[in-house]
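See structure below.
The values are calculated or read from the model by the stated rules, or taken from the named source; none is laboratory data. All values reported here derive from a predicted model rather than from experimental measurement. Using ideal geometry, Cβ is built from the backbone for each residue, glycine included, and neighbour counts are taken over all protein chains shown. Calculation scope for accessible area: heavy atoms of the full protein, side chains included, ligands and nucleic acids excluded. Shrake-Rupley method; radii C 1.70, N 1.55, O 1.52, S 1.80 Å.
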Amino acid sequence: MLKKLDTENYNVVVVSPRNYFLFTPLLPSCTTGTIEHRSIMEPVRAILRHKKAAVKYYEAEASTIDPDRKVVKIVDNSEIKGAISETEIPYDMLVIGVGAENATFGIPGVREHSCFLKEIGDAQRIRKKIMDCVETAAFKDQSSDEIDRLMHMVVVGGGPTGVEFAGELQDFFEEDIKKLVPEISPRFKVTLIEALPNVLPSFSKQLIDYTENTLREEKIDIKTKTMVKKVTNNTVEAEISRPDGSKERMVIPYGLLVWATGNAVRPIVKDLMARIPAQKDSRRGLAVNEYLVVQGTRDIWAIGDCAVAGYAPTAQVASQEGGFLARLFNNMAKTEAQESRIQELSSKMNLQAGNAAESAEEIEKLEKQLRRVKDIKPFRYSHQGSLAYIGSEKAVADVSWWNGNLATGGRMTYL
């Protein structure tokens with residue numbers, strides 16, 4: 001939205017606790033060093049530098065939004081604080097794009113013992129932990145059971161993030177660990193746990209089968225229909241639903257646990273939902289209308305994973321929503337300028353009859369433009385397809401092609 005917004009028409013203020021944008025779809029590749037972190041980061045100020053009009057940016061976290069007073073409370077959460085670390089920003093129009101946080105589904109031990117995969121810090125932590133597990137397993141006189149536990153990497157969540165991370169881990173094992181610690185490398189193992197009957201639920205059936213077969217060929221253990229019930233500092237307790245309807249409890253020892261499951265609503269969004277009566281039935285985020293206006297408000301818009309517009313919580317949806325909102329705001333500014341010009345010309349016409357014909361002609365022209373500008377269509381998401389890397393230089397793609405769908409998998413798809 002920021003890239004496409006014409007900042008000359010508005011006094012724009014950006015508030016974000018991290019001073020860069022992150023291309024999250026490539027985050028799994030940062031965990032093993034396939035991609036360097038700075039390759040998927042874009043500084044906020046670098047984007048603002050190229051805008052025609054100045055934009056203010058504050059590195060802070062928005063803690064509460066008061067829709068009645070029309071102010072946002074912001075807090076400096078960085079390590080270095082000044083004399084003022086809390087203040088308020090008034091707004092006329094507010095766009096919320098704070099995303100979501102990790103859903104733990106209330107399972108005990110998840111927050112304390114697992115690694116998430118949403119931010120750069122998460123990827124760095126995972127990268128360090130993988131090597132820590134390997135080096136500890138190679139420690140003198142380490143017991144056989146302990147080596148097996150430390151070399152066991154468990155990924156919970158069979159969506160694109162979980163699948164890509166499992167694939168990256170297996171690649172890292174094949175390309176690096178085998179050479180670095182050959183004596184214990186055969187003990188390296190990756191397990192993928194998914195509560196649903198299959199991985200990649202948003203992909204077509206043939207690609208799901210292809211992915212599962214490829215992962216098994218790569219010796220990744222896939223446990224579907226498996227619900228995690230409890231996490232301790234070195235085991236995962238899970239319940240498998242068998243085809244005959246019976247349930248079996250199992251304890252899985254692990255060295256590294258990565259939690260890559262669903263989204264949960266952030267506290268700031270929960271708080272705002274509680275302040276807007278029209279949002280009382282909304283659960284997964286801010287309910288918005290077809291112009292992405294938060295229901296129950298007139299001057300608040302929401303985009304991305306914090307908004308519920310009936311689309312999947314993906315980067316592709318968020319990106320299109322941002323572009324749409326920038327066009328909408330640019331149009332609103334145009335209509336305001338045209339309406340005030342029409343008003344100005346009308347009052348002139350009443351005062352001086354001489355140029356009435358010219359003014360009437362300009363008014364007619366402006367009104368025509370105004371109708372065209374005002375006729376902005378509601379937001380419609382256009383699905384371009386889904387991509388996922390599945391390890392060993394293979395990928396799967398469900399891509400919109402002409403009027404149908406193109407489903408492919410393999411090495412060419414990876415390229």
Quiz item: Out of all the residues in region 279-288, which are surrounded by 13 or more Cβ atoms within 10 Å (Cβ to Cβ) and either farther than 19 Å from Lys70 by Cα or among the hydrophobic types (A, V, I, L, M, F, W, C) (or both)?
Solution: Ser282, Arg284, Gly285, Leu286, Ala287, Val288
Quiz item: Of all residues in region 147-159 being touching a helix residue (DSSP H, G or I) at 6+ places or on another chain (Cβ under 8 Å) and surrounded by fewer than 24 Cβ atoms within 10 Å (Cβ to Cβ), which is nearest to Glu183 (Cα to Cα)?
Solution: Ile147
Exercise. Taking the options Thr261, Thr211, name whichever one is within 27 Å of the chain's Cα centre (by Cα), more than 23 Å from Glu146 (Cβ to Cβ), part of a helix (DSSP H, G or I) and in contact (Cβ under 8 Å) with a residue 40 or more places away in the chain.
Key: Thr211
Practice problem: Please indicate, with yes or no, whether at least one residue in region 139-160 is on the phi > 0 side of the Ramachandran plot and not in a helix (DSSP H, G or I). | Solution: yes
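To keep it simple, each residue is scored yes or no on (1) part of a loop (DSSP other than H, G, I, E, B); (2) modelled with pLDDT under 95; (3) surrounded by 14 or more Cβ atoms within 10 Å (Cβ to Cβ); (4) not aromatic (Phe, Trp, Tyr).
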site	(1), (2), (3), (4)
Arg298	yes, yes, no, yes
Trp301	no, no, yes, no
Ala312	yes, yes, no, yes
Ala318	no, no, yes, yes
Glu321	no, no, yes, yes
Quiz item: Could we say that Val396 is open to solvent by less than 40 Å² (accessible area, probe 1.4 Å), closer than 26 Å to Ala166 by Cα, assigned to a helix (DSSP H, G or I) and at pLDDT 90 or above here?
Solution: no
Exercise. Identify the residue in region 224-254 that is under 17 Å from Gly157 (Cα atoms) and not in a strand (DSSP E or B) and, among all such residues, is least open to solvent (accessible area, probe 1.4 Å).
Key: Tyr254
Exercise. Starting from region 287-315, keep only residues that are closer than 20 Å to Ala103 by Cβ and without any contact (Cβ under 8 Å) to a residue 40 or more places away in the chain, then list their pairs with residues that are assigned to a loop (DSSP other than H, G, I, E, B) and of a type in the set (D, E, K, R) whose Cβ atoms are within a distance under 9 Å, requiring at least 6 positions of separation or different chains.
Key: Ala287/Asp281; Val308/Arg283; Val308/Arg284
Quiz item: In region 345-357, which residue that is modelled with pLDDT of 70 or more and loosely packed, with under 12 Cβ neighbours inside 10 Å is farthest from Arg327 (Cα to Cα)?
Solution: Ala357
Quiz item: Which of the residues belonging to region 25-57 are within 28 Å of Gln295 (Cα to Cα) and either within 21 Å of the chain's Cα centre (by Cα) or open to solvent by less than 60 Å² (accessible area, probe 1.4 Å) (or both)?
Solution: Val55, Tyr57
